[in-house]
Structures are given as C-alpha cells and as structure tokens.
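What follows is a set of notes on a single structure, which appears directly below.
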Amino acid sequence: MDKKPLVEFENIYKIYKMGDSEVRALDGVSFSVFEGEFVVIIGQSGSGKSTCMNIIGCLDVPTEGTYLLKGTDVSKLTDDEQAEIRNKTLGFIFQQYNLLPKLNILDNVKLPLMYKGLKESEQNERAMEALERVGIADKYHHKPSQLSGGQQQRASIARALAGSPSVILADEPTGALDSKTSAEVIEFLITLNSQGNTIILITHDNSIAARAKRVIRIYDGKITYDGPPSNDAIIRSTVLTQKEATV
C-alpha cells in the first residue's frame, strides 16, 4: 500500500482583498510531504512562503483548495479541533524562540505537554528527555535570559520534540543567530531528520536550502521549483558564488 502524505496541499489559494484589487498570496499551490522528509520551503519576502507556513501550521485556512494534515481536511474543523490537531501533530520552532521569560527552561518545554493533559511526572520526564536530546539538560532550571541565542533555540527545538509531533515546522529558525550558531542549529536539525523526524523548514536563505533533501521554491504565490537542491539552478549559482568568495 502506498504511503499517505503527512501534509498535502491540493490547489491551494489564499486571496486577500485590498480595496478593489486582490492579492494572491498563494496561487494554486500543490505539494505533498511524506514521513521522514526534510523539506525547505524557500522564497523572498512577499513570495507566499509565510502564508504557506501559516496554513500548514493550522494558523490560517486557504481561500480555495484543500489542505490535508495526516489525511484530515483541516478547513472543515472547528477552531478548537484545529488547535487539537495542531497540538497533537505539529511541533513549532520559531525565529525568536517564543520562550516565556518568567518560566525556566524545563517549564517552557513542558508547555505543549500541559495542553495534552499529561500527568506532571510524565511532563517532566518527557521534557527532560527532549532537553537531553538537544544537549542542554543541565540548563533546565535556567531562565531564557540566562542562555545564549543558540541555547535558547535548542530549548525551542526541545519544546517542539517533547510532544512527539508527526511534523516539525521550523520558521526561519536561524534568523536571529550568528553564522556559526546558525550552522550548528542546521546540523542539529539534519541529525533529527536522520533519526526519523519529518521537518519542514521555512527560509529565504539559499545556503540553508542547500542542506535539505528537497526544496520547494515559491515566487509570487506559485511553486517555481520542487526537487533536490542539487538541481536547483538558483542554489547551485549561490553555492558557486560563495566558493569563489572564499578563494
């Protein structure tokens, strides 16, 4: 039996009315993401990639088309049902970490587990396991302000992992980091993918897209490329330019 996709866009449109005109943030987008993939959705500001992320994350719904998350048509769910499937199926990693400053790292990682209704002992166990996976278990009692940017992003990744999501959705996860720390975070996401985690990463950075298994390039709300980074002419030219700069 063929595997069913975890994420499936079928002819998705997202149209905003601006007075008498309309803006097509997504203009007939179709793609599927399967278990174990590491997919980068790439595009410049205004391309539609953030709209794409919001729909995948059940934070917005399409104007037209069908979005299936693990076979469920999200647009037909109530707000509460969307929140439930989001909490059960998706783990989020954000550019600005979105850690609560008054909570220590352990309690931050536990937040999605609280919404699952787990016992506190299980919350603590799963949160500590996630912190161990990202290498900062010894920082569990620290507040976010006591950690470096890279450590805070690792805590954000741990929070995403703690709920054992089907899909990890990363929105510009290195956008607030220096180049060295960014490289470390990407290497860690590659490791997570090699361990079986499905990852969808949103970025504008060609050098990050070059590390993925698959690239979906969006321009003016349409997919202009979907395939391995090795065949993406834009990425190839970017990497070549970077190599020339280091000579």
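The values are calculated or read from the model by the stated rules, or taken from the named source; none is laboratory data. In this text the structure is predicted, and so the values were computed from the model without any measurement. A quick note on method: Cβ atoms are made from the backbone with ideal geometry, for glycine too, and the neighbour counts reach across all protein chains shown. Heavy atoms of the whole protein, side chains included, go into the accessibility calculation; ligands, DNA and RNA do not. Shrake-Rupley method; radii C 1.70, N 1.55, O 1.52, S 1.80 Å.
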Odd one out for Val109 among (1) assigned to a helix (DSSP H, G or I); (2) modelled with pLDDT under 90; (3) closer than 14 Å to Gly91 by Cα: (2)
Elements of type strands (runs of 3 or more DSSP E) in segment 132-247, at least 1 residues being more than 15 Å from the chain's Cα centre (by Cα) and free of Cβ contacts under 8 Å to residues at least 60 places away in the same chain: 222-227
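Regarding segment 152-163, can at least one residue be identified that is farther than 30 Å from Gly48 by Cα, among the polar types (S, T, N, Q) and open to solvent by 20 Å² or more (accessible area, probe 1.4 Å)? Explain how you work it out, then say what you get.
Taking segment 152-163 first, the residues farther than 30 Å from Gly48 by Cα are none.
No, segment 152-163 contains no residue that is farther than 30 Å from Gly48 by Cα, among the polar types (S, T, N, Q) and open to solvent by 20 Å² or more (accessible area, probe 1.4 Å).
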